[in-house]
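Since every read-out is calculated from the coordinates, none of them should be taken as a lab result. Since this is a predicted model, take the numbers as computed values, not measurements. Using ideal geometry, Cβ is built from the backbone for each residue, glycine included, and neighbour counts are taken over all protein chains shown.
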Amino acid sequence: MRPVVLWTDAVLFLQVAAALAYAWRAARAPHLAATWSQTFKDPAGAAAAVVLAVFLAIGLADSVHFRLRLPDVAGSAPAYSPVTTSLLDLALAHQLEGAESTYSAPLATRAFEKQTIVTEQGVKREYPRLQHAARDLADPARQWRADVLTRAALGAAAGLAATACLAALAAFALARRTGGGWTQAARRIAAGRTTYPLRAVLATVAALCVLSGVIASLTLEYHVFGTDRVGNDLLALVLKSVRTGLVIGTMTTLVTMPIAAGLGLAAGYLGGIIDEVIQYVVTVINSIPYVLLIAAGVLILVIYLDAHPDQFPTAAERTDARLFFLCVILGMTTWTDLCRLIRGEVLKLRELEFVQAAHAFGVPAARIMRVHLLPNVMHVVLINIVINFSSLVLAEAILSYVGVGVDPSMASFGTLINTARFELGREPVIWWTLATAFTFMFALVLAANVFADSVRDAFDPRTARR
Amino acid sequence: MLAFTLRRVLYSVLVLLGVNAVTFVLFFAVNTPDDMARMQLGRRITAEAIERWKAQQGYDKPLFLNARAPGLHKLTDTVFYVTTARAMSLDMGRTNEGIVISEELRHRIVPSMMIAVPTLLLVVFASIATGLGLILYRGTGLERSGVIGLVALMSISTLFFIITGQFVFARVLQLMPISGFVAGRSSPLFVALPVLVLLLAYLGPEARLFRAIFLEELGKDYVRTARAKGLSELGVMGHVLRNSLIPIITSSGLLLPVVFTSTIVTETFFTIPGLGSFTIEGITQQDFNIVRAVVFVGSTLYIVAFLLTDLAYGWADPRVRVK
């Protein structure tokens, strides 16, 4: 196979690397270590972090892209598939290939719509059996219930076993660190008397393990969340949407960070006419309704992509470029807030002794901004990313729904909801596409909101929940 | 006071000029006048007809710099200068189809305002009530579940409220039409659902913000004094509310343009013929005059919101007035 690095892949992995580097640095700086550990000492924050980590793992698995090598034809150079695949695609191969022909309800054995079937007895109108669900059941009407329950129970048992192993590991690790026997450590975890909320974390892990165990065991023979209009498995679609949400949620703030940080630093530190001009630009951009800015930006982008098809050899690269620039466009409308926050922070910092001293020693302004001020406003950027994340994920859905979001062929919560927009109006009602998309989006955004809350509380004790 | 107001108005004009320039650049980066003519007259069209249409609409000049014109006319004899000058004298011109835009705006602003104004008032009042209620019951299970409920509410997509709202209220219960708008006595029925949706969308963040403001106020000395004098908890809340007015006004003022923009988006979901659908029309029909007019209204609203906020500060806290 031949690896493919899409733009958003590169940025996503750079982000992870940068986050790790920051964590390494923060662990060495006592004040940062203290504030960040505060976030993880909050049970809600730690539990949310676990959920976010799972979503991040799914997103990263979906960001390792490559083109599979096609079977060799004698006498020709090795050829590669025109389709870009990711690690997640490989893991979901069973679901992605097991497409039905149309809608089917969650865990269903038969299709949702009647079809004309020609048999030896003649032509019949009936609900056909699904091609990739409950294939080994002879009489689904009678056996379905027992089969589903057995599979779910097996999955839950596997999940519980995994949790038990992890809990035992945690108890042993705790016992080794604090001394004393592991039964004592287990008792302390159960009573919630640990520095970090191990009980809350383990409870979250247990819930996630059982849930994914049940889903994983059922998905071998069923469409757990049903299928959409063209018969695609919804579980696969919604898992592939996670990456889009993650990319938009984190990259948007990051790609415009240089502008926001540069202008914010300049406005705050240099002041005077420069400050006036930057403030003016910020006000002008803020006072344009953001929907118009985004719509105009996306239209420009689409025109560009249509005019230069040669720059994007595969469809994946094209949709990825659109996603990348959508982040830039979204960032163009949101950088003003970050800029204002950084300016405010710099106004406070520049009166402090170390900046005054640097100024007195004749250090040039550019160097002061880069060496003394920038590192000290980085936490504002980081908190801003965390806080903006959830609203950006929600915004993506709305923009895709209006038609100025990601490419319609890209899996995302917005496109998923958009394709299902008229399903509730049908008779009988098709609820599962919307339910699946909204549930996963809710889980992601809720975890992000809860985590953002504990980050904010740790960095700004004034607003702490008393 | 007069000097302050004058300065603010001048600055507002400057911001409007900037907004106009940005809109112009963005719009003409997407559509050239030739595209617009073809959009308007159809694909099969002679070059002369395009030229005639451009001359008629005033798009036959260079966009920014007319190199062939003498002296100062290099700058004034351009599409940018002419359209900007017209907009600044509040003449919005006509759509490509010849409809007078200011007339159209007057019709269309009615349903938009019927959504935006009640939403704004309801959000502010509901958030204050929720915030105060949570504070009154602080330390109890009611507060805990309330705070959790608000975070959950914040995490639900607006699309969910729109889709399920239309399904439950319009389809199952048949209390109101699914979408559309009719002026007159039945119009409240049409805007009820959009208002409810926007209220739910903004209640979470706003109520949480107000609760945090009240909490901070609650830690101050005058609260302790008031309690020591034996004031009831409700009376204390009265003091807290009065003293929290400034941050409440700030966030409510910031909410006005946000609600306006959300109204634009919400209208398209409910196919209400307000400013939102006008905007979408302008974008899809590549009509610069429409886009500019709506942006103009939107940014004026933003600027007015800021002016109102500043004036409200003086009303809420007489100490501000001195400066």
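About its Cα centre, the dipole of the protein assembly as shown is roughly 2080 debye, where the only charges are +1 on Lys and Arg Cβ and -1 on Asp and Glu Cβ. For region A:117-198, the residue among A:196, A:119, A:137 whose Cα projects farthest onto the positive side of the dipole built from Cβ charges is A:196.
Exposure proxy shown here: for A:40, B:270, B:306, the number of other Cβ atoms within 10 Å sets the order, fewest to most, as A:40, B:306, B:270. Only one residue of B:56, A:382, A:358 has its Cα farthest out toward the positive end of the dipole of the protein assembly as shown, where Lys and Arg carry +1 and Asp and Glu -1 on Cβ, and that residue is A:358. Projecting label points 7 angstrom from Cα along Cα→Cβ for residue A:216 and residue A:27 puts them 2.7 nm apart.
Restricting to DSSP H runs of at least four residues, report the calculated mean residue ellipticity at 222 nm for chain B, -39500 (n - 2.57) per run over all residues, nearest 500 deg cm²/dmol. Let's see the in-between values first.
Numbers: 15 runs with 242 residues, N = 323.
When only DSSP H runs of four or more count, the value is -25000 deg cm²/dmol.
Mind checking the dipole of region A:321-466: about its Cα centre, +1 per Lys or Arg Cβ, -1 per Asp or Glu Cβ, Debye to the nearest 20? Write out the running numbers ahead of the final one.
On the way: 13 positive and 11 negative charges, 77 e Å.
Dipole of region A:321-466, to the nearest 20 debye: 380 debye.
Peptides B:235-246, A:283-294, A:399-410 ranked from most to least packed by the mean count of surrounding Cβ atoms within 10 Å: A:283-294, A:399-410, B:235-246.
In sequence order, region B:145-158 has phi-based couplings of 5, x, 5, 4, x, 5, 4, 4, 4, 5, 8, 8, 5, 4 Hz under the Karplus curve 6.51 cos²θ - 1.76 cosθ + 1.60, θ = phi - 60°, and Gly or Pro positions carry x. Shape verdict for chain A, please, from the Cα gyration tensor: rounded (a/c under 1.5), prolate (a/b greater than b/c) or oblate. Oblate shape, in that a/c is at least 1.5 and b/c is the bigger or equal ratio.
Counting only Cβ charges, +1 for Lys and Arg and -1 for Asp and Glu, the dipole size of region A:223-326 around its Cα centre is about 240 debye. Neighbouring Cβ atoms from other chains, within 10 Å of the Cβ of residues in B:14-26, number 4 on average. The mean number of Cβ atoms from other chains found within 10 Å of a Cβ in peptide A:434-447 is 3, as a whole number.
Once the Cα-Cα distance is subtracted from the 0.36 nm per residue extended length, the residue B:142 to residue B:117 segment shows a gain of 5.9 nm. Between A:47, A:23, A:7, the Cα set farthest toward the positive side of the dipole of region A:1-149 (charges on each charged residue's Cβ, about the Cα centre) is that of A:23.
Relative contact order of region A:85-162, taken over Cα pairs closer than 8 Å and 6 or more residues apart, is 19 percent.
Region B:143-204 and region A:72-109 have their alpha-carbon centroids 40 Å apart.
Cβ crowding within 10 Å ranks A:144, A:24 as A:24, A:144, fewest other Cβ atoms first. Where a Cα-Cα gap under 15 Å defines reach, which aspartates and glutamates qualify for residue A:124, not counting those fewer than 8 residues away within the same chain? Candidates past the 8-residue exclusion: A:113. Compared with the direct C-alpha span, the chain from residue A:17 to residue A:131 gains 36.7 nm at full extension, assuming 0.36 nm per residue.
The mean number of Cβ atoms from other chains found within 10 Å of a Cβ in peptide B:146-157 is 5, as a whole number.
The HN-Hα couplings worked out from phi for region B:184-194 by the Karplus form 6.51 cos²θ - 1.76 cosθ + 1.60 (θ = phi - 60°) are x, 5, 8, 4, x, 4, 6, 8, 4, 5, x Hz, whole numbers, x standing for Gly and Pro. Sorting the segments A:374-384, B:272-282 by their mean number of nearby beta carbons within 10 angstrom, highest to lowest, gives B:272-282, A:374-384.
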